[in-house]
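Before any comments, here is the structure.
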Amino acid sequence: KAPDAATRRAALDVLEILGPAAYPDVDAITESLHDPDVFVRWAAARTLGNLASQDAGGSKLTPAQTDAAVRGTAALMRDQEVGVRMAAATALEKFGPRAGPAAAILTRSLNRSQTEASLELVAGPYTEPDLIKGDPSVRVAAFRALEAIEGEATIRALPEAVVALRDGNPQVRQ
(Lines give C-alpha, C1' and ligand atoms only; values in the text may rest on other atoms or scores of the structure.)
Protein backbone atom coordinates (compact mmCIF):
# COMPACT_ATOMS: atom_id res chain seq x y z
CA LYS A 1 0.00 0.00 0.00
CA ALA A 2 1.50 3.27 -1.13
CA PRO A 3 1.86 6.04 1.46
CA ASP A 4 0.37 8.74 -0.76
CA ALA A 5 -3.17 8.87 -2.13
CA ALA A 6 -2.12 9.86 -5.65
CA THR A 7 -0.15 6.63 -6.06
CA ARG A 8 -3.02 4.55 -4.65
CA ARG A 9 -5.46 6.22 -7.05
CA ALA A 10 -3.11 5.64 -9.98
CA ALA A 11 -2.76 1.97 -9.04
CA LEU A 12 -6.54 1.57 -9.07
CA ASP A 13 -6.76 3.32 -12.43
CA VAL A 14 -4.22 0.87 -13.85
CA LEU A 15 -6.11 -2.10 -12.40
CA GLU A 16 -9.33 -0.82 -13.93
CA ILE A 17 -7.64 -0.52 -17.33
CA LEU A 18 -6.24 -4.05 -16.99
CA GLY A 19 -9.79 -5.36 -16.65
CA PRO A 20 -9.84 -9.16 -16.27
CA ALA A 21 -6.11 -9.24 -15.57
CA ALA A 22 -6.89 -7.43 -12.29
CA TYR A 23 -8.91 -10.29 -10.76
CA PRO A 24 -5.93 -11.51 -8.68
CA ASP A 25 -5.93 -8.07 -7.01
CA VAL A 26 -9.62 -8.00 -6.04
CA ASP A 27 -8.82 -8.36 -2.32
CA ALA A 28 -6.55 -5.29 -2.43
CA ILE A 29 -9.15 -3.35 -4.42
CA THR A 30 -11.80 -4.29 -1.86
CA GLU A 31 -9.51 -3.13 0.95
CA SER A 32 -9.23 0.23 -0.85
CA LEU A 33 -12.93 0.81 -0.24
CA HIS A 34 -11.89 1.81 3.30
CA ASP A 35 -9.17 4.25 2.23
CA PRO A 36 -9.22 7.70 3.88
CA ASP A 37 -8.95 9.37 0.44
CA VAL A 38 -12.31 10.02 -1.23
CA PHE A 39 -10.95 9.45 -4.73
CA VAL A 40 -9.37 6.14 -3.78
CA ARG A 41 -12.72 4.93 -2.39
CA TRP A 42 -14.49 6.17 -5.52
CA ALA A 43 -11.98 4.46 -7.84
CA ALA A 44 -12.13 1.23 -5.84
CA ALA A 45 -15.94 1.07 -6.10
CA ARG A 46 -15.83 1.87 -9.80
CA THR A 47 -13.13 -0.76 -10.45
CA LEU A 48 -14.99 -3.46 -8.52
CA GLY A 49 -18.18 -2.66 -10.41
CA ASN A 50 -16.41 -2.95 -13.75
CA LEU A 51 -14.80 -6.24 -12.73
CA ALA A 52 -18.19 -7.54 -11.57
CA SER A 53 -19.78 -6.68 -14.90
CA GLN A 54 -17.01 -8.56 -16.71
CA ASP A 55 -17.64 -11.56 -14.45
CA ALA A 56 -21.36 -11.91 -15.04
CA GLY A 57 -21.14 -15.68 -14.70
CA GLY A 58 -19.45 -15.38 -11.33
CA SER A 59 -16.52 -17.63 -12.21
CA LYS A 60 -13.66 -15.15 -11.71
CA LEU A 61 -14.48 -14.00 -8.17
CA THR A 62 -14.81 -16.46 -5.33
CA PRO A 63 -17.99 -16.26 -3.25
CA ALA A 64 -15.93 -14.84 -0.37
CA GLN A 65 -14.42 -12.15 -2.62
CA THR A 66 -17.84 -11.26 -4.00
CA ASP A 67 -19.33 -11.06 -0.52
CA ALA A 68 -16.51 -8.85 0.78
CA ALA A 69 -16.66 -6.59 -2.28
CA VAL A 70 -20.45 -6.24 -2.08
CA ARG A 71 -20.49 -5.57 1.66
CA GLY A 72 -17.61 -3.10 1.42
CA THR A 73 -19.23 -1.31 -1.50
CA ALA A 74 -22.60 -1.23 0.28
CA ALA A 75 -20.93 0.43 3.27
CA LEU A 76 -19.99 3.30 0.94
CA MET A 77 -23.70 4.16 0.66
CA ARG A 78 -23.07 5.91 4.01
CA ASP A 79 -20.08 7.89 2.71
CA GLN A 80 -20.22 11.67 3.17
CA GLU A 81 -19.17 12.22 -0.45
CA VAL A 82 -21.98 12.02 -2.99
CA GLY A 83 -19.62 10.87 -5.75
CA VAL A 84 -18.56 7.89 -3.65
CA ARG A 85 -22.20 6.99 -2.90
CA MET A 86 -23.01 7.23 -6.61
CA ALA A 87 -20.05 5.03 -7.54
CA ALA A 88 -21.11 2.51 -4.90
CA ALA A 89 -24.71 2.29 -6.11
CA THR A 90 -23.56 1.98 -9.73
CA ALA A 91 -21.07 -0.75 -8.80
CA LEU A 92 -23.72 -2.67 -6.87
CA GLU A 93 -25.95 -2.56 -9.93
CA LYS A 94 -23.15 -4.19 -11.94
CA PHE A 95 -22.92 -7.01 -9.40
CA GLY A 96 -26.55 -7.82 -10.22
CA PRO A 97 -28.13 -10.60 -8.14
CA ARG A 98 -24.80 -11.16 -6.36
CA ALA A 99 -25.37 -7.79 -4.61
CA GLY A 100 -28.19 -9.28 -2.56
CA PRO A 101 -26.46 -8.50 0.78
CA ALA A 102 -26.64 -4.79 -0.15
CA ALA A 103 -30.41 -4.80 -0.72
CA ALA A 104 -31.31 -3.50 2.74
CA ILE A 105 -29.14 -0.38 2.58
CA LEU A 106 -30.12 0.24 -1.04
CA THR A 107 -33.78 0.06 -0.03
CA ARG A 108 -33.21 2.50 2.84
CA SER A 109 -31.38 4.80 0.40
CA LEU A 110 -34.45 5.18 -1.80
CA ASN A 111 -36.07 7.72 0.53
CA ARG A 112 -33.54 8.54 3.22
CA SER A 113 -29.90 9.51 2.95
CA GLN A 114 -27.73 7.01 4.81
CA THR A 115 -24.86 9.35 5.67
CA GLU A 116 -24.16 9.60 9.39
CA ALA A 117 -24.83 13.33 9.44
CA SER A 118 -28.21 13.06 7.71
CA LEU A 119 -29.41 10.24 9.94
CA GLU A 120 -29.24 12.69 12.86
CA LEU A 121 -31.18 15.46 11.08
CA VAL A 122 -34.76 16.23 11.91
CA ALA A 123 -36.70 17.78 9.06
CA GLY A 124 -37.92 21.30 9.67
CA PRO A 125 -39.62 23.91 7.50
CA TYR A 126 -36.28 25.26 6.27
CA THR A 127 -34.42 21.97 5.92
CA GLU A 128 -33.19 21.22 2.41
CA PRO A 129 -35.08 18.03 1.38
CA ASP A 130 -32.01 16.46 -0.25
CA LEU A 131 -30.20 16.59 3.11
CA ILE A 132 -32.83 14.25 4.54
CA LYS A 133 -33.79 12.21 1.48
CA GLY A 134 -30.39 12.08 -0.17
CA ASP A 135 -29.07 13.13 -3.54
CA PRO A 136 -31.62 12.33 -6.27
CA SER A 137 -28.98 10.77 -8.55
CA VAL A 138 -27.88 8.39 -5.81
CA ARG A 139 -31.49 7.49 -5.07
CA VAL A 140 -32.12 6.66 -8.74
CA ALA A 141 -28.89 4.61 -8.85
CA ALA A 142 -30.08 2.72 -5.76
CA PHE A 143 -33.34 1.92 -7.60
CA ARG A 144 -31.36 0.59 -10.55
CA ALA A 145 -29.17 -1.53 -8.30
CA LEU A 146 -32.23 -3.03 -6.63
CA GLU A 147 -33.71 -3.81 -10.05
CA ALA A 148 -30.49 -5.61 -10.97
CA ILE A 149 -30.55 -7.64 -7.76
CA GLU A 150 -34.03 -8.90 -8.67
CA GLY A 151 -36.14 -11.39 -6.78
CA GLU A 152 -37.15 -11.06 -3.15
CA ALA A 153 -34.99 -7.98 -2.55
CA THR A 154 -36.88 -6.05 -5.19
CA ILE A 155 -40.22 -7.14 -3.77
CA ARG A 156 -39.18 -6.04 -0.26
CA ALA A 157 -38.23 -2.63 -1.69
CA LEU A 158 -41.70 -2.00 -3.18
CA PRO A 159 -43.13 -0.07 -0.19
CA GLU A 160 -40.20 2.36 -0.35
CA ALA A 161 -40.59 2.60 -4.13
CA VAL A 162 -44.25 3.56 -3.70
CA VAL A 163 -43.22 6.32 -1.29
CA ALA A 164 -40.67 7.57 -3.83
CA LEU A 165 -43.39 7.81 -6.49
CA ARG A 166 -44.85 10.69 -4.45
CA ASP A 167 -41.48 12.44 -4.16
CA GLY A 168 -41.28 16.11 -5.09
CA ASN A 169 -38.29 15.48 -7.33
CA PRO A 170 -39.25 14.41 -10.88
CA GLN A 171 -35.91 12.64 -11.34
CA VAL A 172 -36.79 10.30 -8.46
CA ARG A 173 -40.38 9.75 -9.64
CA GLN A 174 -39.35 8.62 -13.14
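The values are calculated or read from the model by the stated rules, or taken from the named source; none is laboratory data. Since we're looking at a predicted model, the values are computed, not measured. Virtual Cβ from ideal backbone geometry, glycine too; neighbours counted across all protein chains shown. These accessible areas exclude ligands, DNA and RNA; they are computed on the full protein's heavy atoms, side chains included. Shrake-Rupley method; radii C 1.70, N 1.55, O 1.52, S 1.80 Å.
Annotations
- Volume of the Cα convex hull of segment 57-98, divided per residue and given in Å³: 57 Å³
- Within the accessible area of the chain, the carbon and sulfur atoms contribute 58%, probe 1.4 Å, all protein chains present.
- Between Ala104 and Ala28, the C-beta separation translates, for a Förster distance of 30 Å, into a calculated FRET efficiency of about 0.65.
- Peptides 30-42, 14-26 ranked from most to least packed by the mean count of surrounding Cβ atoms within 10 Å: 30-42, 14-26.
- Along each principal axis, Cα extent of the chain, largest first, Å: 50, 37, 23
- Rounded to the nearest 0.05, the FRET efficiency derived from the C-beta distance between Ala6 and Val82 at R0 = 30 Å is 0.85.
- Extending 7 Å from the Cα toward the beta-carbon at both Leu18 and Arg156 defines two label points whose distance is 3.5 nm.
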